[in-house]
1. Given contacts defined as C-alpha pairs under 8 Å and at least six residues apart, what's the relative contact order of the chain, whole-number percent?
2. Hey, can you find the accessible area per residue of the chain for me, probe 1.4 Å, expressed in square angstrom?
3. Please give the net charge around V154, taking every other residue with its beta carbon less than 15 angstrom from that of V154, where Lys and Arg add +1 and Asp and Glu add -1.
4. Among all cysteines in the chain, which have no other cysteine Cβ under 4.7 Å from their own Cβ?
5. Name the residues of region 152-174 whose amide N is less than 20 Å from a point 7 angstrom out from the Cα of V6 along the C-beta direction?
6. Would you mind working out the magnitude of the charge dipole of the chain relative to its Cα centre, with +1 at each Lys and Arg C-beta and -1 at each Asp and Glu C-beta, to the nearest 20 Debye?
7. Tell me the net charge near V4. Cut-off is 10 Å between Cβ atoms, V4 excluded, with +1 for each Lys or Arg and -1 for each Asp or Glu.
8. Please check: in the Gaussian network model of the chain (C-alpha springs, under 10 Å), which one of G81, G61, G45 has the largest mean-square fluctuation.
Amino acid sequence: MTVVKVECVRGNIAEQRDMDVIVNAANAELLPGSGVAGAIHSAAGTGLAEECRALAPIRPGQAVISSAHQLPNQHVIHCLGPVYGVDEPSDRLLAECFRNALLLADRHELTSIAFPAISTGVFGYPLRDAAEVAMKAVVDTLEDLNCVRFVRFVLFSDQDLSVFNKALGVESRLSGRQR
Ligand code: ADP
């Protein structure tokens, strides 16, 4: 069995220089916007939005890949998370973001991927529920990966970090028990 490391850190998704690919909590049009998308586009430069024009629009749960332009990574994967209470079923659509991003990174032979807490900002997904969905989706996808060896969640605050760390602990115990 291959080992995939999963970790949670506090930080800025646009400053993950040791990761092959970072994931954008995108909007459907793949435009700069606020939060994660704002940070990624401003660090990447205007070339990213230009490239993204041909890839948009995307639907909730979908993941598309672009180059990283001036970011220190090889690629950016753009995911559209569900708007909580609007795009239903929210939990399945959120899980699809993580699964589709991992599979896309794997198909591009990338080994490390950093995720933000998709949908938990402007899109209103409760953090604790989002953390559980994210961890389960990642753990459920691990067996389908050939290249990805390192998954990082990047949280913006200590409070968000502790919620994600707790969800990671619970999910590791559950998946360990199933083996
Ligand atoms: P969404 O529209 O999918 O809800 P947001 O970008 O509004 O996405 O926020 C998603 C989460 O990312 C929120 O928890 C927010 O606090 C966090 N966040 C915002 N900016 C950054 C950043 N630069 N790096 C990491 N996380 C961020």
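The values are calculated or read from the model by the stated rules, or taken from the named source; none is laboratory data. This is a predicted model, so every value here is computed, not measured. Because the Cβ atoms are built from the backbone with ideal geometry, glycine has one as well, and the counts that use them run over all protein chains shown. These area figures cover heavy atoms from the full protein model, side chains too; ligands, DNA and RNA do not enter into them. Shrake-Rupley method; radii C 1.70, N 1.55, O 1.52, S 1.80 Å.
1. 28 percent
2. 49 Å²
3. -2
4. Singleton cysteines: C8, C52, C147.
5. Counting backbone N atoms under 20 Å from the label point, the list is 152-157, 159-174.
6. 380 debye
7. +1
8. Looking only at G81, G61, G45, the biggest GNM fluctuation is shown by G45.
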